[in-house]
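Presented below is the structure to which this report refers.
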Amino acid sequence: MHVDGMKRRHFLTLAALSSVAAACGADSPADAVRPAGKPAFRTRLRIPPLLEPKAGKDGVRRFDLTMQRGRTAILPGALAGTWGFNGSFLGPTIRASRGDRVRMAVTNRLQEASTVHWHGLRLPAEMDGGPHQTIEPGATWTPHWTIDQPAATSWYHPHPHGRTATHTYRGLAGMFIIDDDRPTGLPERYGVDDIPLILQDKRFAPDGSPAGDPLKGTFGILGDHMLVNGTYGPFLEVTTERVRFRVLNGSNARMYHLSFADRRGFHVVGNDQGLLAAPVPVDRISLTPGERVEIVAAFAAGEQVLLRTLSGSDDIDEGDFDLLKIVAAPRLAASPPLPARLADTAPITAPPGARVRRFRLNGHDAINGKEMDLSRIDEVVPAGATEIWEIENTVYAHNFHIHEVALQVLDVDGEKPPAYASGHKDTVYVPPKSTVRLAVRFGRFTDPATPYMYHCHILRHEDSGMMGQFVIVRPGTEDRTPRTIAAHHM
Ligand code: C2O
Ligand code: CU
Ligand code: CU
């Protein structure tokens, strides 16, 4: 059954690919492996603009976002229907510092309800932007909180139940950078030596708009065109010896195995929830949807090198694709040496006797045999707890994201994760037929009536029900906490 599904998917993919190739005049439409042709890497990488906050007399920094429809020429010469924040595709980068009081005004100018979730942010459940914080068409939602977490690369995207895959695929996503006041010694000039890279794969209709059904097949969409910050076939000119890249996997389903074409080494300096204690040398890293990684790479004057993703064996990582051409200027400005220590990030350890919760991922539409129900509270967690969550995956590839927490991978089938992925995270890969154990540190905002989510971040799975809800409550009140809530169905 599963095998048949996979075969059918391959067949459909090839068929879809050749029509796209014909439609966009690819170099070699006969090449069935990469019918879209190798992009020329002649388009300058778009850098999402920083969103300027308005500072009120009260000191609160106000950020305005508008979800809107528009037209974008993602493929050259084809102006196509897309969605974006404050523009036609993707969104601006939000940047805020620890201690900032922020207030977002998110206006929905789409023709359907949506939500905006701050993925990776530590905040009260009402401000989280999950499926309960619906923004109706024409309405404005104004969450506010105080930024209080270590420097990190996070992001924001819609989270309407059953529609997240579609809304995100059409272009609603942006980066959210958090700074703290500790000097890191890392490159940090946005757009100069500190570069956001939002990785997304798409298929395109003949008119150039994102095509395909993100809710079909085992995993939804695996695209044949790779976009970085919405740019197809991009190049980036670098002007410094060392460059920091904040890489976000903003794809619906695709897992990337990233390396440079010449297999040069680079350093991982941060995971989802912040900097590692020290840089970790690598020459290849993997990233599943929703995960972020910060890396620092070194370049020599005048050289060119491609950043690429290579196939793996887990279905969501099929295909070798070049993603970005990096062109080093003829003269490079000196960069400070990579610091030996980055942050005092300590391992997350669960106390002896910590509560263990088990979650079973079976198929693609349920956790522990239960499909997501907006009115059911699945787990009640005491504020400030550190627990062990065991995620057992019985079949094909999944990953697992928990809102509001910092977590660390203890082991995958008993084996420690690679050093580069041992930092503080909020989203982790759960390979086929494996069990991942996590040490999860929960926050201190309590609200027995407003849940946070945990789910597979393959959006096709999330939307079809592989998601659950937890509330954080005052310790000692767990037993009194109601297990059902009023759900706003959209
Ligand atoms: Cu990035 Cu609940 O999601
Ligand atoms: Cu999230
Ligand atoms: Cu999944």
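The values are calculated or read from the model by the stated rules, or taken from the named source; none is laboratory data. Predicted, not measured: the structure shown is a model, and the values here were computed from it. Here the Cβ positions follow ideal geometry from the backbone for every residue, glycine too, while neighbour counts run over all protein chains shown. Remember, those area values only see protein heavy atoms, side chains included, never the ligands or the DNA or RNA. Shrake-Rupley method; radii C 1.70, N 1.55, O 1.52, S 1.80 Å.
Go through the residues of the stretch 227-241 one by one and say whether even a single one is part of a loop (DSSP other than H, G, I, E, B), farther than 27 Å from Ala397 by Cβ and open to solvent by 10 Å² or more (accessible area, probe 1.4 Å).
Yes, because at least one residue in the stretch 227-241 is part of a loop (DSSP other than H, G, I, E, B), farther than 27 Å from Ala397 by Cβ and open to solvent by 10 Å² or more (accessible area, probe 1.4 Å).
Return the pair list, or none, for Cβ contacts closer than 6 Å from residues in the stretch 100-114 that are within 15 Å of Leu51 (Cα to Cα) to residues that are acidic (Asp, Glu), at least 6 apart or on different chains.
Close Cβ pairs satisfying both conditions: Ala105/Asp64.
Pairs needed: first member in the stretch 399-420, polar (S, T, N, Q); second member anywhere, away from ligand 3 (no atom under 16 Å from the Cβ) and open to solvent by 20 Å² or more (accessible area, probe 1.4 Å); C-beta distance under 8 Å; at least 6 residues apart or different chains.
Gln408/Pro347; Gln408/Ser422; Gln408/His424
Can you find a residue that is in a loop (DSSP other than H, G, I, E, B), under 28 Å from Arg42 (Cβ atoms) and modelled with pLDDT of 95 or more anywhere in the stretch 192-213?
Yes; the residues of the stretch 192-213 include at least one that is in a loop (DSSP other than H, G, I, E, B), under 28 Å from Arg42 (Cβ atoms) and modelled with pLDDT of 95 or more.
Report whether or not Ala329 is within 30 Å of His132 (Cβ to Cβ), more than 16 Å from ligand 1 (Cβ to nearest atom) and surrounded by 13 or more Cβ atoms within 10 Å (Cβ to Cβ).
no
Which of the residues belonging to the stretch 437-467 are more than 11 Å from ligand 3 (Cβ to nearest atom) and touching a Phe, Trp or Tyr at 6+ places or on another chain (Cβ under 7 Å)?
Leu438, Val440, Pro451, Tyr452, Tyr454
Kindly indicate which of Ser311, Ser335 is buried (at least 17 other Cβ atoms within 10 Å of the Cβ) and more than 27 Å from Gly120 (Cα to Cα).
Only one candidate passes the filter, namely Ser335.
Among the residues that make up the stretch 360-367, is at least one of them part of a strand (DSSP E or B), open to solvent by 20 Å² or more (accessible area, probe 1.4 Å) and over 23 Å from Gln133 (Cβ atoms)?
Yes - at least one qualifying residue is present in the stretch 360-367.
Which pairs have Cβ atoms under 6 Å, sit 6 or more apart or on different chains, and link a residue in the stretch 455-472 that is touching a residue at least 12 places away in the same chain (Cβ under 8 Å) to one that is away from ligand 2 (no atom under 12 Å from the Cβ) and hydroxyl-bearing (Ser, Thr, Tyr)?
Matching pairs, first to second residue: Ile472/Thr446.
So for the stretch 439-453 (the condition being more than 16 Å from ligand 2 (Cβ to nearest atom) and under 24 Å from Gly312 (Cα atoms)), does at least one residue qualify?
no
Restricting to the stretch 125-142, name every residue that is part of a loop (DSSP other than H, G, I, E, B), within 14 Å of ligand 2 (Cβ to nearest atom) and touching a residue at least 40 places away in the same chain (Cβ under 8 Å).
Within the stretch 125-142, Asp128, Gly130, Pro131, His132 meet the criteria.
Just to be sure before I move on: is Arg292 open to solvent by 30 Å² or more (accessible area, probe 1.4 Å), among the charged types (D, E, K, R), more than 16 Å from ligand 3 (Cβ to nearest atom) and in contact with a strand residue (DSSP E or B) (Cβ under 8 Å, 6 or more places away or on another chain) in the structure I sent?
Criteria not met by Arg292.
Could you give me the residue pairs with C-beta distances under 6 Å whose first residue belongs to the stretch 248-275 and is within 28 Å of Arg441 (Cβ to Cβ) and in contact (Cβ under 8 Å) with a residue 24 or more places away in the chain, whose second residue is surrounded by fewer than 19 Cβ atoms within 10 Å (Cβ to Cβ) and basic (Lys, Arg) wherever it lies, and which are 6+ apart or on separate chains?
Hits for this filter: zero, empty list.
Only residues that are assigned to a loop (DSSP other than H, G, I, E, B), touching a Leu at 6+ places or on another chain (Cβ under 9 Å) and within 16 Å of ligand 1 (Cβ to nearest atom): list them for the stretch 285-307, please.
Pro289, Gly290, Glu291
Kindly indicate the residue of the stretch 98-118 that is in a loop (DSSP other than H, G, I, E, B) and within 16 Å of ligand 2 (Cβ to nearest atom) and also nearest to Asp180 (Cα to Cα) among those meeting that condition. So that I can check it myself, show each step before the final result.
Pass one, the stretch 98-118, residues in a loop (DSSP other than H, G, I, E, B): 98-100, 109-113, 115-116.
From what's left, within 16 Å of ligand 2 (Cβ to nearest atom): 115-116.
Details: Thr115: 27, Val116: 24 Å.
By that ranking, first place goes to Val116.
What number of residues within the stretch 152-183 satisfy the criterion of being more than 16 Å from ligand 3 (Cβ to nearest atom) and open to solvent by 20 Å² or more (accessible area, probe 1.4 Å)?
Residues in the stretch 152-183 being more than 16 Å from ligand 3 (Cβ to nearest atom) and open to solvent by 20 Å² or more (accessible area, probe 1.4 Å): 7 in total.
Among the residues in the stretch 424-446, are any more than 16 Å from ligand 1 (Cβ to nearest atom), open to solvent by 10 Å² or more (accessible area, probe 1.4 Å), of a type in the set (A, V, I, L, M) and in contact with a strand residue (DSSP E or B) (Cβ under 9 Å, 6 or more places away or on another chain)?
No, that holds for no residue.
Please go through (1) away from ligand 1 (no atom under 16 Å from the Cβ); (2) open to solvent by 10 Å² or more (accessible area, probe 1.4 Å); (3) under 26 Å from Arg189 (Cα atoms) for Ile147 and return the number of the only condition it doesn't satisfy.
(2)
Would it be correct to say that Gly130 is open to solvent by 10 Å² or more (accessible area, probe 1.4 Å) and small (Gly, Ala, Ser)?
When the stated conditions are applied, Gly130 does not pass them.
If we scan the stretch 468-479, do we find a residue that is closer than 26 Å to Pro160 by Cβ, within 16 Å of ligand 2 (Cβ to nearest atom) and under 20 Å from the mean Cα position of the chain (by Cα)?
yes
What residue, of Thr484, Thr477, is touching a residue at least 24 places away in the same chain (Cβ under 8 Å), within 21 Å of Asn368 (Cα to Cα) and surrounded by fewer than 20 Cβ atoms within 10 Å (Cβ to Cβ)?
On the way: Thr477 fails: within 21 Å of Asn368 (Cα to Cα).
Selected residue: Thr484, the only one of Thr484, Thr477 that is touching a residue at least 24 places away in the same chain (Cβ under 8 Å), within 21 Å of Asn368 (Cα to Cα) and surrounded by fewer than 20 Cβ atoms within 10 Å (Cβ to Cβ).
Across the stretch 52-66, what is the number of residues that are out of contact with any Gly (no Cβ under 8 Å at 6 or more places or on another chain), open to solvent by less than 60 Å² (accessible area, probe 1.4 Å) and hydrophobic (A, V, I, L, M, F, W, C)?
2
Out of Ala406, Ala419, report the one residue that is closer than 27 Å to Ala277 by Cα, open to solvent by 40 Å² or more (accessible area, probe 1.4 Å) and of a type in the set (A, V, I, L, M, F, W, C).
From the options Ala406, Ala419, the qualifying one is Ala419.
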